[in-house]
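Novice: Have a look at the structure that comes next, please.
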C-alpha cells in the first residue's frame, strides 16, 4: 500500500520543513495511549514550502497514483529496527504495528478491510518539533462510528473507517466545496465539516514542492473579525458564523457613497482594500486576511455621572457610536491615542470628554467613557438694551481661565453656551475693534441640579471718537479734495503703500478725503495722533502738492475732536 500526506502553505511566508515540521499518528485511545511521531527521512525533495505551494510526505521516495508519479519531499524512514518503541528515538518498525521494513510493508495508517477489521479510525497531527505547537489535526472515525483519540470538534464520518484506495482531502471553496484550481485551505476547526473522503483515483494525484502554486479561495472562517471603513458614517461590525460548513459573514450598513478604504482585522491578520459604493447598491466581496494585524481595538460603555448608560454617542477616532446598551467599539492605530467621547458636543445634553489611551496592537482593550451632563448658560447681546446684535462671539472661561465653550449670538441677539453641569464661569462677549461692551463680563455658578442659567443682557456700543474739521485755501473751502492720514506713529514723506508688510507693522493708519464742501470726518479709535494732509493744485498739466503736518492730536472715545487745516 502507498501512503502520502500533502500539506499546503496558505500563508504569505515560506515554511521550513526539514527537521522542524513533523507528523504524528494515533488510533483510538485503547490502542494508542498517546500520539506517536513518525520517523521521517527528510533527504528527498525540497525542504521549504513557498507561499501557496505544497510539500509531500509519502511512504516511499517515489509513489505512483494511477500513473501519476510523484517524488516525495520527505518519506517514512524505512530503516529496519528490532528495538522497542522509544518515543525519544522513534523507529517505525517498533512503533507502528503494520510497518515492517523487512517485509517491505510501510503502513503507518491502517485501513479497514478483511485483514484489519477493527481498524480504520485515526488522527494525523502536523506539529512543530520541540515546541508542542499543533499546526493541524485530521481525525476520522472507524467501524461502528468509533472515534479516534483526538479530532477537531467532530471526527470526519467515514461510514465504516478509511479503506484502501481512499483519500481524505480538505475542502477549499466556501462553504467547504472542492475546486482543483485553488489551494486546500478551508478550516472551520471541525473535521467532519472540513474534510471529505473520496476514491484517490483518478481525481487526487498528490502534489509536491515542484507543483504549481495555487491561489486561496477560502481559509479559516474569521468569525469575530472586525470590519470597518473610513467613510466617517458607517460603524465597525464583527463577522458572524453563517451556514454549515460555516462562513464568516458581515454586513457593513449605512456606508456613505463614494470610494472608501475597508479594513478587516482579527487578532493576528489584517486586510485593507478600496471599494466604490453607489447609492442603493449592495457590494458583495470575499476577503482573505493574510497580512499582519495593524490596528488595536477599544470597547466599553458610555455612561453619565449617575452611572446611566448613554446611547448614540459618537466616539473618535474610529467612527464609533454607542448602541442602546451604551456599548461602543472602535478600531484605532496602536500606541497612545487621544480618544474623544461626544466630540464637539454632538449630543448637546452632554459635554465633550477626551483622554489618552494606550491601544495595544491586535488586541481589544476595555475603556469606559464617562460624560458630564451639560449645563446651559444663556444671555442676550444688544446695541442699546432693546435692539438685538447678531454675530457677536461669546466665550465661557472656567475657574482656571481656560476656554470651556464659545458660541455666537443668533439673529435675535441670544446665545447659549454648553458647559459642565457644575462649576464657576466667567462670560465674556468679544466685540469688534472700536466697540465696548457693558458689562465687560459676568460671573455665574452652575450647580449639579441646575440645567440652565440666564446671565442677563450685554450692551455693545461704539467706542470710536471722531476727527473732523475743514480744509481751506486762502480762506475758502477746498472743493477738489484733500487726502488726510491720521496715525499713531510717524507719517512718512509720501503716503505709505498698503501691503502685507505695512499691515504687519502694528502702526495704526486711518485715512480719508475731504468732501466737496471742504469738510472731512474720520472715525478713529481713542488715542493720540499725528495728522498729515496733502493738497494738490495744477498749473496747466503740472501738479503741485503741498503737505501740512500736525502732532499730538488727542481723540477721546465718543467725542469729536476738531482740526481745521488751512493753506
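Novice: How many residues are touching a helix residue (DSSP H, G or I) at 6+ places or on another chain (Cβ under 9 Å) and in a loop (DSSP other than H, G, I, E, B) if we restrict to region 159-173?
Specialist: 4
Novice: For residue 546, work out the one condition from (1) part of a strand (DSSP E or B); (2) within 60 Å of the chain's Cα centre (by Cα); (3) more than 18 Å from residue 562 (Cβ to Cβ) it doesn't fulfil.
Specialist: Single failed check for residue 546: (2).
Novice: Could you identify the single residue in 207, 137 that is part of a strand (DSSP E or B) and modelled with pLDDT of 90 or more? Walk me through how you get there before you give the answer.
Specialist: On the way: 207 fails: part of a strand (DSSP E or B).
Result: 137 is the single residue among 207, 137 that is part of a strand (DSSP E or B) and modelled with pLDDT of 90 or more.
Novice: A further question on this structure: I need the full set of residues from region 336-347 which are farther than 15 Å from residue 305 by Cα and either touching a strand residue (DSSP E or B) at 6+ places or on another chain (Cβ under 6 Å) or not assigned by TED's automatic domain parsing to the domain that holds residue 303 (or both), in order please.
Specialist: Initially, region 336-347 is screened for residues farther than 15 Å from residue 305 by Cα, giving 336-340, 343-347.
Within region 336-347, 336, 337, 338, 339, 340, 343, 345, 346 meet the criteria.
Novice: Okay, moving on. Determine, yes or no, whether residue 181 is without any contact (Cβ under 8 Å) to a residue 40 or more places away in the chain, part of a loop (DSSP other than H, G, I, E, B) and either touching a helix residue (DSSP H, G or I) at 6+ places or on another chain (Cβ under 9 Å) or not assigned by TED's automatic domain parsing to the domain that holds residue 35 (or both).
Specialist: Numbers: without any contact (Cβ under 8 Å) to a residue 40 or more places away in the chain: yes; part of a loop (DSSP other than H, G, I, E, B): yes; either touching a helix residue (DSSP H, G or I) at 6+ places or on another chain (Cβ under 9 Å) or not assigned by TED's automatic domain parsing to the domain that holds residue 35 (or both): no.
Against the criterion (without any contact (Cβ under 8 Å) to a residue 40 or more places away in the chain, part of a loop (DSSP other than H, G, I, E, B) and either touching a helix residue (DSSP H, G or I) at 6+ places or on another chain (Cβ under 9 Å) or not assigned by TED's automatic domain parsing to the domain that holds residue 35 (or both)), residue 181 does not qualify.
Novice: Let me ask you something else. Quick one: in region 136-147, of everything that is over 15 Å from residue 168 (Cα atoms) and surrounded by 13 or more Cβ atoms within 10 Å (Cβ to Cβ), which residue is farthest from the chain's Cα centre (by Cα)?
Specialist: Just the residues of region 136-147 that are over 15 Å from residue 168 (Cα atoms), to begin with: 143-147.
Still in the running and surrounded by 13 or more Cβ atoms within 10 Å (Cβ to Cβ): 143, 145-147.
Values: 143: 52, 145: 49, 146: 49, 147: 46 Å.
Among those that are over 15 Å from residue 168 (Cα atoms) and surrounded by 13 or more Cβ atoms within 10 Å (Cβ to Cβ), it is 143.
Novice: Can you give me the number of residues within region 37-54 that are within 27 Å of residue 119 (Cβ to Cβ) and touching a strand residue (DSSP E or B) at 6+ places or on another chain (Cβ under 6 Å)?
Specialist: 4
Novice: Which of the residues that make up region 70-121 are more than 30 Å from residue 16 (Cβ to Cβ) and crowded, with 19+ Cβ neighbours inside 10 Å? Give the derivation first.
Specialist: Initial filter on region 70-121 (more than 30 Å from residue 16 (Cβ to Cβ)): 82, 84, 97-98, 100, 102-105, 110-121.
Matches in region 70-121: 110, 111, 112, 119, 120, 121.
Novice: Let me ask something additional. Go over the candidates 10, 69, 96, 55 one by one and state the one that is within 30 Å of residue 146 (Cβ to Cβ), assigned by TED's automatic domain parsing to the domain that holds residue 141 and out of contact with any helix residue (DSSP H, G or I) (no Cβ under 7 Å at 6 or more places or on another chain).
Specialist: Numbers: 10 fails: within 30 Å of residue 146 (Cβ to Cβ); 69 fails: within 30 Å of residue 146 (Cβ to Cβ); 55 fails: within 30 Å of residue 146 (Cβ to Cβ).
Exactly one residue qualifies, and that residue is 96.
Novice: Among the numbered criteria (1) touching a strand residue (DSSP E or B) at 6+ places or on another chain (Cβ under 6 Å); (2) more than 30 Å from residue 189 (Cβ to Cβ); (3) at pLDDT below 90; (4) crowded, with 18+ Cβ neighbours inside 10 Å, which one does residue 319 miss?
Specialist: That leaves (1) as the condition not met.
Novice: What are the residues in region 42-62 that are part of a strand (DSSP E or B) and surrounded by fewer than 20 Cβ atoms within 10 Å (Cβ to Cβ), if any?
Specialist: If we filter region 42-62 for residues that are part of a strand (DSSP E or B), which is where we start, we get 48-49, 54-58, 62.
Residues satisfying the conditions are 48, 62.
Novice: Looking only at region 420-437, how many residues end up being in a loop (DSSP other than H, G, I, E, B), touching a residue at least 40 places away in the same chain (Cβ under 8 Å), in contact with a strand residue (DSSP E or B) (Cβ under 9 Å, 6 or more places away or on another chain) and surrounded by fewer than 17 Cβ atoms within 10 Å (Cβ to Cβ)? Talk me through it step by step, then tell me what you get.
Specialist: Applying the first criterion (in a loop (DSSP other than H, G, I, E, B)) to region 420-437 yields 421-422, 431-434.
Now restrict to residues that are touching a residue at least 40 places away in the same chain (Cβ under 8 Å): 421-422, 433-434.
Subsequent filtering for residues that are in contact with a strand residue (DSSP E or B) (Cβ under 9 Å, 6 or more places away or on another chain) retains 421-422, 434.
Now restrict to residues that are surrounded by fewer than 17 Cβ atoms within 10 Å (Cβ to Cβ): 422, 434.
Residues that pass the stated criteria total 2.
Novice: Have a look at 544, 536 and point out the one that is in contact with a strand residue (DSSP E or B) (Cβ under 6 Å, 6 or more places away or on another chain) and in contact (Cβ under 8 Å) with a residue 40 or more places away in the chain.
Specialist: Working: 544 fails: in contact (Cβ under 8 Å) with a residue 40 or more places away in the chain.
Just a single option satisfies the conditions, and that option is 536.
Novice: Let me ask something else. For region 241-284, enumerate the residues that are in contact (Cβ under 8 Å) with a residue 12 or more places away in the chain, more than 20 Å from the chain's Cα centre (by Cα) and closer than 16 Å to residue 223 by Cα. Don't jump to the end; show me each part of the working.
Specialist: Going residue by residue through region 241-284, those that are in contact (Cβ under 8 Å) with a residue 12 or more places away in the chain are 241, 243-248, 250-279.
This time we only want the ones that are more than 20 Å from the chain's Cα centre (by Cα), so: 241, 243-248, 278-279.
Of everything in region 241-284, those that are in contact (Cβ under 8 Å) with a residue 12 or more places away in the chain, more than 20 Å from the chain's Cα centre (by Cα) and closer than 16 Å to residue 223 by Cα turn out to be 241, 243, 244, 245, 246, 247, 248.
Novice: Could you name every one of the strands (runs of 3 or more DSSP E) located completely within region 326-419 that has at least 1 residues being surrounded by fewer than 19 Cβ atoms within 10 Å (Cβ to Cβ), over 28 Å from the mean Cα position of the chain (by Cα) and at pLDDT 90 or above? Explain how you work it out, then say what you get.
Specialist: Values: elements: 327-332, 335-341, 353-359, 364-366, 369-371, 374-382, 393-397, 403-408.
So the answer is 374-382, 393-397, 403-408.
Novice: Which one of these does residue 288 not meet: (1) outside any strand (DSSP E or B); (2) farther than 30 Å from residue 154 by Cβ?
Specialist: The single condition residue 288 does not satisfy is (2).
Novice: If you don't mind, there's one more thing I want to ask. For the structure I just gave you, tell me whether residue 470 is surrounded by 12 or more Cβ atoms within 10 Å (Cβ to Cβ), in a loop (DSSP other than H, G, I, E, B) and at pLDDT 85 or above. Explain how you work it out, then say what you get.
Specialist: On the way: surrounded by 12 or more Cβ atoms within 10 Å (Cβ to Cβ): yes; in a loop (DSSP other than H, G, I, E, B): no; at pLDDT 85 or above: yes.
Considered against the rule, which asks whether it is surrounded by 12 or more Cβ atoms within 10 Å (Cβ to Cβ), in a loop (DSSP other than H, G, I, E, B) and at pLDDT 85 or above, residue 470 comes out as no.
Novice: Next up: Considering only region 216-227, I want to know if a residue exists there that is in a helix (DSSP H, G or I) and in contact with a strand residue (DSSP E or B) (Cβ under 8 Å, 6 or more places away or on another chain). Spell out the reasoning first.
Specialist: Let us first name the residues in region 216-227 that are in a helix (DSSP H, G or I), namely none.
So far as region 216-227 goes, no, none of its residues is in a helix (DSSP H, G or I) and in contact with a strand residue (DSSP E or B) (Cβ under 8 Å, 6 or more places away or on another chain).
Novice: Would you mind finding the one in 396, 440 that is under 14 Å from residue 351 (Cβ atoms), without any contact (Cβ under 8 Å) to a residue 40 or more places away in the chain and outside the structural domain of residue 352 (by TED's automatic domain parsing)? Write out each step before concluding.
Specialist: Working: 440 fails: under 14 Å from residue 351 (Cβ atoms).
That would be 396, the only listed residue that is under 14 Å from residue 351 (Cβ atoms), without any contact (Cβ under 8 Å) to a residue 40 or more places away in the chain and outside the structural domain of residue 352 (by TED's automatic domain parsing).
The values are calculated or read from the model by the stated rules, or taken from the named source; none is laboratory data. Predicted, not measured: the structure shown is a model, and the values here were computed from it. Positions of Cβ are backbone-derived with ideal geometry, glycine not excepted, and every protein chain shown enters the neighbour counts.
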